[in-house]
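Student: There's a structure below that I have some questions on.
The values are calculated or read from the model by the stated rules, or taken from the named source; none is laboratory data. No experiment lies behind these values; they were computed from the predicted model shown. In this analysis, Cβ positions are derived from the backbone assuming ideal geometry, glycine residues included, and neighbour counts consider all displayed protein chains.
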Amino acid sequence: MEPVARATLTLIGNEGFRVRTGVADIFIDAFNRAIPEDAWRRAALPDEARAALILVTHAHWDHFDSRQVVEAARMLKARVIGPRSVVGQLEKRLARDTLVEMEPPLAEGARPFHSVSVRLATVAVTAYRTCHSRDHNSYLVETSEFRFFHDGDNEDTRRIDVQGLGRLDALLIGPWQGAGWVEFIEKLAPTRYFLMHLTDEELADHARGRFLPEICDRVPPGLVVLRPGEVFVYR
(Lines give C-alpha, C1' and ligand atoms only; values in the text may rest on other atoms or scores of the structure.)
Protein backbone atom coordinates (compact mmCIF):
# COMPACT_ATOMS: atom_id res chain seq x y z
CA MET A 1 0.00 0.00 0.00
CA GLU A 2 1.47 3.37 -1.05
CA PRO A 3 1.90 6.07 1.61
CA VAL A 4 -0.63 8.91 1.60
CA ALA A 5 0.54 11.96 -0.36
CA ARG A 6 1.60 14.86 1.87
CA ALA A 7 1.03 17.28 -1.01
CA THR A 8 0.64 17.33 -4.77
CA LEU A 9 1.66 20.04 -7.24
CA THR A 10 -0.09 20.27 -10.58
CA LEU A 11 1.10 22.61 -13.32
CA ILE A 12 -2.06 23.98 -14.91
CA GLY A 13 -0.10 26.11 -17.38
CA ASN A 14 2.32 29.04 -17.65
CA GLU A 15 2.87 29.98 -13.95
CA GLY A 16 -0.46 28.53 -12.87
CA PHE A 17 -0.29 25.80 -10.22
CA ARG A 18 -2.62 23.93 -7.92
CA VAL A 19 -0.92 22.95 -4.67
CA ARG A 20 -3.07 20.46 -2.77
CA THR A 21 -2.25 19.72 0.87
CA GLY A 22 -4.22 17.88 3.50
CA VAL A 23 -5.96 21.08 4.59
CA ALA A 24 -6.16 23.33 1.51
CA ASP A 25 -6.29 23.59 -2.26
CA ILE A 26 -4.16 26.58 -3.24
CA PHE A 27 -4.26 28.00 -6.76
CA ILE A 28 -1.64 30.52 -7.90
CA ASP A 29 -1.95 32.44 -11.20
CA ALA A 30 -4.15 29.60 -12.43
CA PHE A 31 -6.98 31.58 -14.08
CA ASN A 32 -5.89 33.68 -17.04
CA ARG A 33 -5.93 33.92 -20.82
CA ALA A 34 -2.60 32.11 -21.23
CA ILE A 35 -4.16 28.87 -19.93
CA PRO A 36 -6.96 27.05 -21.82
CA GLU A 37 -10.17 27.16 -19.79
CA ASP A 38 -10.63 23.39 -19.97
CA ALA A 39 -7.24 22.99 -18.25
CA TRP A 40 -8.14 25.00 -15.16
CA ARG A 41 -11.64 23.54 -15.03
CA ARG A 42 -10.17 20.03 -14.81
CA ALA A 43 -7.91 21.13 -11.95
CA ALA A 44 -10.43 23.30 -10.07
CA LEU A 45 -12.80 20.63 -8.82
CA PRO A 46 -14.38 21.59 -5.47
CA ASP A 47 -13.33 19.49 -2.47
CA GLU A 48 -15.31 20.10 0.72
CA ALA A 49 -12.56 18.49 2.83
CA ARG A 50 -10.17 21.33 2.00
CA ALA A 51 -10.32 25.10 2.13
CA ALA A 52 -9.68 26.79 -1.21
CA LEU A 53 -7.47 29.79 -1.85
CA ILE A 54 -6.77 31.64 -5.08
CA LEU A 55 -3.58 33.71 -5.16
CA VAL A 56 -2.73 36.18 -7.92
CA THR A 57 0.77 37.63 -8.27
CA HIS A 58 -0.16 40.61 -10.46
CA ALA A 59 -2.72 41.86 -12.96
CA HIS A 60 -1.00 41.03 -16.27
CA TRP A 61 -3.21 39.10 -18.70
CA ASP A 62 -1.12 35.91 -18.57
CA HIS A 63 -1.50 35.73 -14.77
CA PHE A 64 -4.98 37.12 -14.10
CA ASP A 65 -8.35 37.26 -15.81
CA SER A 66 -11.07 38.74 -13.61
CA ARG A 67 -13.93 36.83 -15.22
CA GLN A 68 -12.19 33.48 -14.79
CA VAL A 69 -11.18 34.24 -11.20
CA VAL A 70 -14.75 35.21 -10.29
CA GLU A 71 -16.12 32.01 -11.81
CA ALA A 72 -13.48 29.83 -10.14
CA ALA A 73 -13.89 31.54 -6.76
CA ARG A 74 -17.65 30.95 -6.80
CA MET A 75 -17.25 27.35 -7.91
CA LEU A 76 -14.59 26.58 -5.29
CA LYS A 77 -16.05 28.81 -2.53
CA ALA A 78 -12.55 30.21 -2.38
CA ARG A 79 -10.98 33.27 -0.85
CA VAL A 80 -8.93 35.35 -3.29
CA ILE A 81 -5.63 36.99 -2.38
CA GLY A 82 -3.92 39.61 -4.50
CA PRO A 83 -2.56 43.14 -4.76
CA ARG A 84 -4.89 46.14 -4.95
CA SER A 85 -4.85 46.10 -8.76
CA VAL A 86 -6.40 42.61 -8.65
CA VAL A 87 -8.79 42.99 -5.71
CA GLY A 88 -10.14 46.24 -7.14
CA GLN A 89 -11.38 44.39 -10.22
CA LEU A 90 -13.18 41.77 -8.13
CA GLU A 91 -14.79 43.66 -5.24
CA LYS A 92 -18.03 44.44 -7.08
CA ARG A 93 -18.47 40.82 -8.17
CA LEU A 94 -17.38 38.82 -5.12
CA ALA A 95 -18.33 39.21 -1.48
CA ARG A 96 -15.92 41.55 0.27
CA ASP A 97 -15.15 39.02 3.01
CA THR A 98 -13.83 36.59 0.38
CA LEU A 99 -11.18 39.08 -0.81
CA VAL A 100 -7.82 39.63 0.86
CA GLU A 101 -5.79 42.59 -0.36
CA MET A 102 -2.04 42.22 0.17
CA GLU A 103 -0.17 45.37 -0.77
CA PRO A 104 3.41 45.41 0.57
CA PRO A 105 5.18 48.76 0.20
CA LEU A 106 7.78 49.21 -2.52
CA ALA A 107 11.39 49.00 -1.37
CA GLU A 108 13.62 51.87 -2.43
CA GLY A 109 16.77 51.39 -4.47
CA ALA A 110 18.41 48.01 -4.01
CA ARG A 111 17.06 47.41 -0.51
CA PRO A 112 15.48 44.06 0.45
CA PHE A 113 11.87 43.63 -0.62
CA HIS A 114 9.17 44.41 1.95
CA SER A 115 6.49 41.89 2.93
CA VAL A 116 3.13 41.61 4.68
CA SER A 117 1.53 38.49 6.15
CA VAL A 118 -1.93 37.12 6.87
CA ARG A 119 -3.20 33.90 8.44
CA LEU A 120 -6.40 32.39 7.06
CA ALA A 121 -7.52 29.44 9.19
CA THR A 122 -5.03 26.66 8.34
CA VAL A 123 -2.90 28.61 5.84
CA ALA A 124 -0.43 31.46 6.39
CA VAL A 125 0.50 33.67 3.43
CA THR A 126 3.32 36.19 3.19
CA ALA A 127 3.38 38.50 0.17
CA TYR A 128 6.67 40.07 -0.93
CA ARG A 129 6.51 43.15 -3.18
CA THR A 130 9.02 41.95 -5.76
CA CYS A 131 10.43 43.38 -8.96
CA HIS A 132 8.33 43.29 -12.15
CA SER A 133 5.26 45.52 -12.40
CA ARG A 134 4.63 47.94 -9.54
CA ASP A 135 1.87 45.66 -8.23
CA HIS A 136 3.84 42.38 -8.30
CA ASN A 137 3.70 39.97 -5.34
CA SER A 138 5.66 36.79 -4.73
CA TYR A 139 4.12 34.48 -2.12
CA LEU A 140 5.35 32.29 0.72
CA VAL A 141 2.57 29.85 1.66
CA GLU A 142 2.66 27.72 4.80
CA THR A 143 0.44 24.96 6.14
CA SER A 144 1.23 22.61 9.01
CA GLU A 145 2.72 20.04 6.63
CA PHE A 146 3.95 21.97 3.59
CA ARG A 147 5.79 25.22 2.79
CA PHE A 148 6.33 26.68 -0.68
CA PHE A 149 7.32 29.93 -2.37
CA HIS A 150 5.92 31.10 -5.71
CA ASP A 151 8.27 33.74 -7.13
CA GLY A 152 5.96 34.91 -9.93
CA ASP A 153 7.69 37.07 -12.52
CA ASN A 154 10.24 38.44 -10.05
CA GLU A 155 13.24 39.83 -11.91
CA ASP A 156 15.67 40.11 -8.96
CA THR A 157 15.84 37.24 -6.48
CA ARG A 158 18.89 38.83 -4.81
CA ARG A 159 16.63 41.26 -2.91
CA ILE A 160 14.62 38.54 -1.15
CA ASP A 161 15.52 37.72 2.46
CA VAL A 162 16.55 34.07 2.08
CA GLN A 163 16.70 33.51 5.84
CA GLY A 164 13.17 34.86 6.14
CA LEU A 165 11.88 32.26 3.69
CA GLY A 166 13.39 29.41 5.70
CA ARG A 167 13.03 25.75 4.81
CA LEU A 168 10.99 25.12 1.67
CA ASP A 169 9.42 21.95 0.37
CA ALA A 170 8.90 23.59 -3.01
CA LEU A 171 10.18 26.65 -4.85
CA LEU A 172 8.29 27.70 -7.99
CA ILE A 173 10.53 29.93 -10.07
CA GLY A 174 11.03 31.30 -13.57
CA PRO A 175 14.58 31.10 -14.98
CA TRP A 176 14.87 34.79 -15.85
CA GLN A 177 18.33 35.70 -17.09
CA GLY A 178 19.87 38.32 -14.82
CA ALA A 179 17.56 37.50 -11.89
CA GLY A 180 20.18 35.52 -9.95
CA TRP A 181 17.89 32.50 -9.82
CA VAL A 182 20.62 29.83 -9.77
CA GLU A 183 22.35 31.36 -6.75
CA PHE A 184 18.95 31.91 -5.10
CA ILE A 185 18.11 28.21 -5.42
CA GLU A 186 21.51 27.22 -4.07
CA LYS A 187 21.10 29.47 -1.01
CA LEU A 188 17.58 28.26 -0.28
CA ALA A 189 18.27 24.56 -0.97
CA PRO A 190 14.56 23.65 -1.31
CA THR A 191 13.56 19.99 -1.34
CA ARG A 192 12.42 20.50 -4.95
CA TYR A 193 12.28 23.48 -7.28
CA PHE A 194 9.96 23.77 -10.28
CA LEU A 195 10.79 25.84 -13.34
CA MET A 196 7.76 27.70 -14.70
CA HIS A 197 6.69 30.14 -17.41
CA LEU A 198 8.35 27.92 -20.03
CA THR A 199 7.17 27.95 -23.63
CA ASP A 200 6.45 24.79 -25.60
CA GLU A 201 9.75 25.32 -27.41
CA GLU A 202 11.66 25.66 -24.13
CA LEU A 203 10.02 22.51 -22.78
CA ALA A 204 11.02 20.65 -25.93
CA ASP A 205 14.58 21.94 -25.63
CA HIS A 206 14.67 20.81 -22.00
CA ALA A 207 13.52 17.32 -23.00
CA ARG A 208 16.45 17.21 -25.43
CA GLY A 209 18.86 18.40 -22.73
CA ARG A 210 19.51 21.75 -24.41
CA PHE A 211 17.51 24.41 -22.55
CA LEU A 212 19.34 24.79 -19.24
CA PRO A 213 22.89 24.37 -20.64
CA GLU A 214 22.19 27.34 -22.89
CA ILE A 215 21.06 29.71 -20.12
CA CYS A 216 23.11 28.76 -17.02
CA ASP A 217 26.49 27.24 -16.24
CA ARG A 218 25.24 24.88 -13.50
CA VAL A 219 21.97 23.27 -12.43
CA PRO A 220 21.32 22.93 -8.68
CA PRO A 221 19.99 19.58 -7.41
CA GLY A 222 16.25 19.11 -6.90
CA LEU A 223 15.03 20.23 -10.35
CA VAL A 224 11.51 19.34 -11.55
CA VAL A 225 10.13 20.46 -14.91
CA LEU A 226 6.44 19.71 -15.49
CA ARG A 227 4.37 20.02 -18.61
CA PRO A 228 0.82 21.39 -18.27
CA GLY A 229 -1.38 18.81 -16.59
CA GLU A 230 1.49 16.88 -15.01
CA VAL A 231 1.53 16.24 -11.25
CA PHE A 232 4.36 15.91 -8.75
CA VAL A 233 3.59 14.00 -5.55
CA TYR A 234 5.24 14.62 -2.17
CA ARG A 235 5.06 11.61 0.16
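Student: Name every residue in the range 34-63 that is at pLDDT 95 or above, in contact with a helix residue (DSSP H, G or I) (Cβ under 8 Å, 6 or more places away or on another chain) and either in a strand (DSSP E or B) or surrounded by fewer than 24 Cβ atoms within 10 Å (Cβ to Cβ) (or both), in order of residue number.
Tutor: If the condition is that a residue be at pLDDT 95 or above, in contact with a helix residue (DSSP H, G or I) (Cβ under 8 Å, 6 or more places away or on another chain) and either in a strand (DSSP E or B) or surrounded by fewer than 24 Cβ atoms within 10 Å (Cβ to Cβ) (or both), then 52, 54, 58, 59 are the ones that fit.
Student: So, of the residues in the range 131-161 that are among the basic types (Lys, Arg) and modelled with pLDDT of 95 or more, which turns out to be nearest to residue 100 (Cα to Cα)?
Tutor: Here the residue is 147.
Student: On the basis of being in contact (Cβ under 8 Å) with a residue 60 or more places away in the chain, farther than 19 Å from residue 172 by Cα and of a type in the set (A, V, I, L, M), does residue 24 make the cut?
Tutor: Working: in contact (Cβ under 8 Å) with a residue 60 or more places away in the chain: yes; farther than 19 Å from residue 172 by Cα: no; of a type in the set (A, V, I, L, M): yes.
In short, no.
Student: Ok, one more. Quickly run through the range 64-91 and pick out the residues that are part of a helix (DSSP H, G or I) and under 20 Å from residue 126 (Cβ atoms).
Tutor: From the range 64-91, those part of a helix (DSSP H, G or I) are 66-76, 84-90; that's our starting set.
Answer for the range 64-91, where residues must be part of a helix (DSSP H, G or I) and under 20 Å from residue 126 (Cβ atoms): 84, 85, 86, 87.
Student: What's the number of the condition residue 23 fails, among (1) of a type in the set (Val, Ile, Thr); (2) crowded, with 18+ Cβ neighbours inside 10 Å; (3) more than 13 Å from the chain's Cα centre (by Cα)?
Tutor: Looking at each condition in turn, residue 23 falls short on (2).
Student: So, one more: For the range 185-231, enumerate the residues that are polar (S, T, N, Q) and under 22 Å from residue 57 (Cα atoms). Walk me through it before giving the result.
Tutor: Of the residues in the range 185-231, the ones polar (S, T, N, Q) are 191, 199.
Result: 199, single match.
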